[in-house]
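The values are calculated or read from the model by the stated rules, or taken from the named source; none is laboratory data. Keep in mind that what you see is a predicted model, and the values were worked out from it rather than measured. Cβ placement follows ideal geometry from the backbone for every residue including glycine, while neighbour counts extend to all protein chains displayed. These area figures cover heavy atoms from the full protein model, side chains too; ligands, DNA and RNA do not enter into them. Shrake-Rupley method; radii C 1.70, N 1.55, O 1.52, S 1.80 Å.
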Amino acid sequence: MLRCLCKFREPEIIEPLMPSIKACLEHRHAYVRKNAAMVLYHVHKYFGQNLTPDGAEVMQQFLTGETEVGSRRNAFLMLLNEAEVNAIEYLRAHAHGLDRFGDGFALLVLELTRKVCRRDPSNKSQFVPILFQLLNASSAAVSYEAAWTLASLSSSPTAVRAAATTYTSILCTQSDNNVKLIVLERLSEVKSRHPRVLAELLMDMLRVLSSPNIDICRRTLEVAMGLVSSRNIEEIAQVLRREIMRTRQLDMEQSLEYRRLLVTSMHVCAMRFPEVASSIVDAVIEFLGHDGATDVILVIRSVLQRYVPLREGILRKLLVSFDNIQAPPVLATALWVVGEYLEGADVVSGFDQIISCLGSQAFIDQEACSPTSKAEGSLAPLRKTLVLSDGTYATQPAQTDPGRWDSEPGTLRHHVCKGDIFLGTVAAGTLTKLACKVLRVHGATASISKKCQSLTLAACCNLHKLASSVALQSADISSGSGLQDTIESTAKPGDSAADLMERLVFFVHVLLDPSLGAFHAHFLQDNKVSFEQCLSLSRSNTPFQIDVSAVEADTSTRHFQPDELILWRQLRQSEHNNANWELCDVGDLAHATGLNEVTDPYGVRLKHMYQLTGFSDPVYAETCVIVHDYDIIMEILVINRTSATLTNLTLELATLGDLRLVERPQVVTLGPVDQLALRANIKVSSTETGHIFGTIVYENSSSAEKSYINLNSIHLDIMDYIRPAYCADAEFRHMWAEFEWENKVAVATSIPSLSHFLSHIVESTNMRCLTPRSSSDETSNFLAANLYAKSIFGEDALVNVSIEKKDDADGKLSGYIRIRSKTQGIALSLGDRVTAVQRAQRNA
């Protein structure tokens, strides 16, 4: 019965029952007392002094003598909302025993704290001891809310440190993955404002890496990499080395991806702190023969380029581990590294190591691949009999290739014999560079120089024969000879064989032509110079670099109201001079300087203003659409332009797309030439373009005639959900190969410049360009760039821009913009956005 009375809004029903309701406050059952307190709260809320003039005093007296947790919580809820002064007095009297009052009561205390302190910041010192007490609550929800309240009310290092410690404790003790992700987001916010304070708790935060969830590990590493400094780099590197060694026996979800995250983090640490670069390379070099070796060899390559003193030791370890490398891309990068950075006495040993892996014999059987053997049909297709699934017999052509020499699987020679001519060409280039270095040290007449030259020339000749054979077989297949392609290569051998053979001929000229002796220095040094420029551009794009000038510019353009109050902390009363005084000083200084102010320039709101009805309609309506993460708030202004009273005016809204109307505008009555502000709340569930439409329905008070006005539809752009983000090139390629939804948009624009068109696309789509743009002068007619963004829902958006400037088309740009994502909505919506901005530019 008491619970039912909470729903009644008729005072004539409730008034006779008031004595009984107050009598229930003294009932022997706690359940009855709890609901009686809630009824008294609702009566006082809706009817005020008419039915319960002494409601606050009755509830405070009831709260003083009550011991049950639920009843005490409901009573304090009434004081919080209806008699705030009495709630503060009760809280001040019982501040030291809040741990006995239950979690619900503690959450109400935190709500009261935020409500009072935001209205009057001078009261913060009264609630600081209570907040520190609630930080140690047994309930994780209470501790989390207390930490969030303390961090939002004060910017003092003491308060931030206490809040961050509580966050870290919740992060390491809670088993729910959703809770951990929420806490990591809070820690990320603390990091953006107080990185030095949070750096003290970095080691405790890294304990969460033991979680089997890859999303938690990824988010933890993202937060941690922004807190690494020279003070804690040794400890961080030790943790990362321990974790990457643990991935060998790790049986967790997506173990390979976790190892890739660790290698990427170690790469960042090695580039920023030379003192740990050697130990990091020692830890990751053991994984050259495992999955994810591509990231490992990139770490080694960057360290060798940047830290010259470490080259000798790292290259020796790389040569020792050379036999364990099996992936062709990793082998190619390792060969390039050896050819570029190997110096001194190790050049000869490195040369012998590569020759032993490549082999000195030919890669094909010359007799089997000779024209005479082909004429005799040595490569003619054979026929073999197969048994089909239905039991019948069939014949299938098969080809034997005696030109392929067997080798141990996974080795350098094995990949070359299987048809990977590109890898063989890289090996030939490395041998050529090492031979040039031997010539420079020992001279052209030395026996070791002649040996290196002869072995390199033999390798180039054998690779040239292999490339010629592959090109010939590709030509036979394209002409319809019927032979099957037995060259197992990821590349198209017929298309690239000509270019590779040209490079092999160039290597031979470098070794045999005496006139190219002066060219050796450029041949050995230019690659390292270009790679250093690439690394410098990559470092400028890393997300861990903070643009101090941008931060200063942002803080210097804040706006203030002319009548805004100024709080002088020197003029405060002396009663606040206690241990908690400093907790309030920093917050007041931040408020005075505007660091904590969230300004919304008037022009930004104008961009989101939409006119819903015409100026000649009886009812004029316009709205301001505010997109805030998962919520869309519509602030609607309705104006009655007639001289009659409009009753039962209803704003009926509907949505199209993944939008859900949560809060509908209430039914109102508008007087003549009156206006009213309404509010609607819409939930967003995915990053897709949506539409909001509806009608205004009202009745004329004089004629009771119902009228309808159709509203203009509101188009919600995907740009409201997209945020620029950063990812590594390897991660971009991995996601590009994994995502299945693709939208291909043809380029049609009047912009004549390649770089200007790319800048226009980046600004219009709110994405980040991952491809370094070294200079604005256009020396090429081609441009290819990768763009990346992330939605507020954590969805990835990948864009590849490939354009060409054709001279035969009046200098117009042509090409395609390819969009890939995991969901169809982003691909389609972002494609529509690109098409729209191109059309607008063309019309302009």
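The table below gives the values:
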| quantity | calculated |
| --- | --- |
| Residue in segment 245-254 that is within 22 Å of the chain's Cα centre (by Cα), buried (at least 17 other Cβ atoms within 10 Å of the Cβ) and closer than 15 Å to residue 731 by Cα present | no |
| Residue within segment 692-700 that is modelled with pLDDT of 85 or more, open to solvent by 70 Å² or more (accessible area, probe 1.4 Å) and either closer than 30 Å to residue 819 by Cα or aromatic (Phe, Trp, Tyr) (or both) present | yes |
| Matching residues in segment 648-686 - criterion: being open to solvent by less than 60 Å² (accessible area, probe 1.4 Å) and among the β-branched types (Val, Ile, Thr) | 650, 655, 668, 682, 684 |
| The one condition in (1) in contact with a Lys or Arg (Cβ under 7 Å, 6 or more places away or on another chain); (2) exposed (fewer than 14 other Cβ atoms within 10 Å of the Cβ); (3) closer than 25 Å to residue 613 by Cβ that residue 708 fails to fulfil | (1) |
| Cβ pairs under 8 Å, 6+ apart, first in segment 620-633 and closer than 17 Å to residue 723 by Cα, second open to solvent by less than 40 Å² (accessible area, probe 1.4 Å) and not aliphatic (A, V, I, L, M) | 627/720; 627/721; 631/681; 632/681 |
| Flag if residue 85 is part of a helix (DSSP H, G or I), out of contact with any Gly (no Cβ under 8 Å at 6 or more places or on another chain), over 25 Å from residue 21 (Cα atoms) and not basic (Lys, Arg) | no |
| Residue in segment 214-229 that is among the hydroxyl-bearing types (Ser, Thr, Tyr), outside any helix (DSSP H, G or I) and open to solvent by 10 Å² or more (accessible area, probe 1.4 Å) present | yes |
| Residue among 149, 158, 168 that alone is farther than 28 Å from residue 94 by Cβ, part of a helix (DSSP H, G or I) and among the β-branched types (Val, Ile, Thr) | 168 |
| Restricting segment 741-752 to residues that are in contact with a helix residue (DSSP H, G or I) (Cβ under 9 Å, 6 or more places away or on another chain) and in a loop (DSSP other than H, G, I, E, B), the residue that is nearest to residue 298 (Cα to Cα) | 747 |
| Matching entry among 432, 425, 445, 411 (being at pLDDT below 80 and under 30 Å from residue 524 (Cβ atoms)) | 411 |
| Residue count, segment 291-325 (criterion: touching a helix residue (DSSP H, G or I) at 6+ places or on another chain (Cβ under 8 Å) and either within 18 Å of residue 729 (Cβ to Cβ) or open to solvent by 60 Å² or more (accessible area, probe 1.4 Å) (or both)) | 19 |
| The lone exception for residue 726 - which of (1) in a loop (DSSP other than H, G, I, E, B); (2) in contact with a helix residue (DSSP H, G or I) (Cβ under 6 Å, 6 or more places away or on another chain) it fails | (2) |
| Test: residue in segment 359-381 that is open to solvent by less than 70 Å² (accessible area, probe 1.4 Å), within 30 Å of residue 297 (Cα to Cα), modelled with pLDDT under 85 and part of a helix (DSSP H, G or I) | no |
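Let's see how each residue does on (1) within 30 Å of residue 684 (Cβ to Cβ); (2) in contact (Cβ under 8 Å) with a residue 12 or more places away in the chain; (3) polar (S, T, N, Q); (4) out of contact with any Phe, Trp or Tyr (no Cβ under 9 Å at 6 or more places or on another chain):
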{"position": "785", "(1), (2), (3), (4)": "yes, yes, no, yes"}
{"position": "789", "(1), (2), (3), (4)": "yes, yes, no, yes"}
{"position": "799", "(1), (2), (3), (4)": "yes, yes, no, no"}
{"position": "820", "(1), (2), (3), (4)": "yes, yes, no, no"}
{"position": "823", "(1), (2), (3), (4)": "yes, yes, yes, no"}
{"position": "826", "(1), (2), (3), (4)": "yes, yes, no, no"}
{"position": "830", "(1), (2), (3), (4)": "yes, yes, no, yes"}
{"position": "834", "(1), (2), (3), (4)": "yes, yes, no, yes"}
